[in-house]
Each structure stands twice: as structure tokens, then as C-alpha cells.
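Following this message is one structure expressed as C-alpha cells.
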């Protein structure tokens, strides 16, 4: 897909319309496909990516109104998932702990067994 970035759009549109990519390309003309590309550029991303953007905006708003005085606001762009970017469990937990500490949170004791 990195060599043919238009394929990412085909997958997004196919999922949005409920087709496989093969079905989509068999059913849709080149003209209509071009119109869909123009529509997405004007109206915003189709499908789940739009939801990711909405959640990033909401999350950044909640974070920013609750941040410590004088600390830097977070940009919603930094909260968007990067699906092809591998992150280890340790790295994820380190980021969670850092965000928790910045918001003044505490760490609960581990439950005893």
C-alpha cells in the first residue's frame, strides 16, 4: 500500500459502502471513484478515521481543561492513532503513567490475591 497510496482510499471507501475492494472496483466507474475522492477531501475522512478524529478532539479538550496550570496544552493531532507504528506494552504503560502523573493522579495498590 505504501507504493500505491490510492489503495488505502479504496479500502476506506469499500468499508464505508459495505463492499470488498474487489467488489467496489467492479461496481464503480473511474468517474464516480474520482468524485468520491473529491468528496472525501471536501467533507472529511470516511469511516472510522473520522471517529478517531472526533475522539482526539474530545480527549484533548478534557485533558486541556484539567491540566496543571502552566503546563502545555495537548494538540488533538498527537492523540490520533498511528496504526502502522509499533509500540511495546512497556512504552504504552510508560505513557499512561506519565499522563496520569501530569494530571495529578495516583496509582492504586495492586490487589492482593
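The values are calculated or read from the model by the stated rules, or taken from the named source; none is laboratory data. Just so it is clear, the model here is predicted, and its values are computed rather than measured. Methodologically, a virtual Cβ is constructed for each residue, glycine included, from the backbone with ideal geometry; neighbour enumeration extends over all protein chains shown.
Identify the single condition in (1) surrounded by fewer than 13 Cβ atoms within 10 Å (Cβ to Cβ); (2) at pLDDT 95 or above; (3) under 28 Å from residue 75 (Cβ atoms) that residue 61 does not satisfy, given that it satisfies every other one.
Condition not satisfied by residue 61: (1).
Being in a helix (DSSP H, G or I) and loosely packed, with under 10 Cβ neighbours inside 10 Å is the filter; apply it to region 79-113 and report the residue that is modelled with the lowest pLDDT. Break it down into steps so the answer makes sense when it comes.
If we filter region 79-113 for residues that are in a helix (DSSP H, G or I), which is where we start, we get 79, 89-102.
Now narrow it down to the ones that are loosely packed, with under 10 Cβ neighbours inside 10 Å: 89-90.
Details: 89: 81, 90: 86.
The qualifying residue modelled with the lowest pLDDT is 89.
Please determine whether any residue of region 48-56 is over 30 Å from residue 9 (Cβ atoms), touching a residue at least 24 places away in the same chain (Cβ under 8 Å) and either in contact with a helix residue (DSSP H, G or I) (Cβ under 6 Å, 6 or more places away or on another chain) or surrounded by 11 or more Cβ atoms within 10 Å (Cβ to Cβ) (or both).
First, the residues of region 48-56 that are over 30 Å from residue 9 (Cβ atoms): none.
No, there is no match, as no residue in region 48-56 is over 30 Å from residue 9 (Cβ atoms), touching a residue at least 24 places away in the same chain (Cβ under 8 Å) and either in contact with a helix residue (DSSP H, G or I) (Cβ under 6 Å, 6 or more places away or on another chain) or surrounded by 11 or more Cβ atoms within 10 Å (Cβ to Cβ) (or both).
Next up: Does region 13-24 contain at least one residue that is part of a helix (DSSP H, G or I) and loosely packed, with under 10 Cβ neighbours inside 10 Å?
Checked region 13-24: no residue is part of a helix (DSSP H, G or I) and loosely packed, with under 10 Cβ neighbours inside 10 Å.
Sticking with this one: Could you run through region 38-47 and say how many residues are in contact with a helix residue (DSSP H, G or I) (Cβ under 8 Å, 6 or more places away or on another chain) and surrounded by 12 or more Cβ atoms within 10 Å (Cβ to Cβ)?
Filtering region 38-47 for residues in contact with a helix residue (DSSP H, G or I) (Cβ under 8 Å, 6 or more places away or on another chain) gives 40, 44-47.
The next check asks that each one be surrounded by 12 or more Cβ atoms within 10 Å (Cβ to Cβ); those that pass are 40, 45-47.
Counting residues in region 38-47 that are in contact with a helix residue (DSSP H, G or I) (Cβ under 8 Å, 6 or more places away or on another chain) and surrounded by 12 or more Cβ atoms within 10 Å (Cβ to Cβ) gives 4.
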